[in-house]
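Notes follow once the structure below has been shown.
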Amino acid sequence: MADDAAALTGWLQASAQAMRCLRLARDLALPDWAIGAGFIRSLVWDRLSGYAQPTPLADIDLLYFDGTDLSPRREQEAEAWLEEQAPGLGWSVRNQARMHAGNGDLPYRNTLDAIAHWLETPTAVAARLEPDSRITLLAPYGLEDLMALRVRPTLSGERRFAAYHARMAAKNWPAIWPRVVVEKPT
C-alpha cells in the first residue's frame, strides 16, 4: 500500500486542477474534510490508462463531518463559495454526519467511517490537504482495487446489492476505461 499511496499522492501533486481543488477545500476549514469518489478514481484510472487528458468529472465530492450542525445551509454556502472560486466543476459538499439516514446505516462516526459505507471499493478513497501541504489519504479498503482497475462491492455494496448493481450499470466504467473489471457481489 505504501507504493500505491506514494503514487497516488504524486499524481495528485502533479495535477494542477487536483491541487487547486484541494487548496480551495482546505480554505473552507471544514472539520474532518476530504475530497473523494470520482475525483480520485478518475485521476488514477486516467493515469493507469495512459490518457493524456483527464476524463471529465460529473462533480467533485467534498465531504466533511460536523455532528454539531446538521443543517444543509453550511453545505450550500460552501458550494456557492467554491463555485465562485472555481466555476463549472459541479461541487457537491455533504456533511457526512447526516448522510447515514438516506442510506439506512447507523450514524457514521467520522468521514472515514462514512467513506467505508460507500458502495464500491475503488470509489471509497479520498484525500485531504493538510495545513502543512502534506496529503492525507483516507482509504478504508486500501488502494489495491483502485490501482488494479478492479471494482468490488464494499460490505454496504453487498448489503445494498440493487443499488450497487444499478450504479454499476449507470456508470458503465469499462466503456471509459476498458481495463476496468467490475465484480458482482459474492
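Values in this text are rule-based calculations from the coordinates and carry no lab data. Model, not experiment: these values are computed from the prediction. Every residue, glycine as well, gets a Cβ built from its backbone with ideal geometry; the counts of neighbours run over all protein chains shown.
Summary of computed values
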read-out: Condition broken by residue 52, with the remaining ones in (1) under 20 Å from residue 145 (Cβ atoms); (2) out of contact with any Ser or Thr (no Cβ under 7 Å at 6 or more places or on another chain) satisfied; value: (1)
read-out: Residue within segment 74-95 that is over 17 Å from the mean Cα position of the chain (by Cα) and either hydroxyl-bearing (Ser, Thr, Tyr) or closer than 29 Å to residue 162 by Cβ (or both) present; value: no
read-out: Qualifying residues in segment 52-85 (those that are among the hydrophobic types (A, V, I, L, M, F, W, C) and buried (at least 17 other Cβ atoms within 10 Å of the Cβ)) - the one farthest from residue 20 (Cα to Cα); value: 65
read-out: Condition met for residue 11 (hydrophobic (A, V, I, L, M, F, W, C) and free of Cβ contacts under 8 Å to residues at least 60 places away in the same chain); value: yes
read-out: Residue list for segment 131-161, restricted to those being touching a residue at least 40 places away in the same chain (Cβ under 8 Å) and either charged (D, E, K, R) or more than 30 Å from residue 27 (Cα to Cα) (or both); value: 144, 149, 156, 160
read-out: Cβ-Cβ under 8 Å pairs, at least 6 apart or on other chains, segment 162-186 side over 17 Å from residue 56 (Cβ atoms), far side charged (D, E, K, R) and surrounded by 17 or more Cβ atoms within 10 Å (Cβ to Cβ); value: 164/120; 167/120; 168/120; 183/152
read-out: Top-ranked residue in segment 114-168 [being in a strand (DSSP E or B) and basic (Lys, Arg); ranked as surrounded by the fewest Cβ atoms within 10 Å (Cβ to Cβ)]; value: 150
read-out: Residue list for segment 100-113, filter: in a helix (DSSP H, G or I) and either on the phi > 0 side of the Ramachandran plot or not aliphatic (A, V, I, L, M) (or both); value: 100, 102, 103, 111, 113
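This table checks each residue for (1) more than 21 Å from residue 137 (Cα to Cα); (2) part of a helix (DSSP H, G or I); (3) of a type in the set (Lys, Arg).
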position	(1), (2), (3)
30	no, no, no
41	no, yes, yes
48	no, yes, no
62	no, no, no
71	yes, no, no
77	yes, yes, no
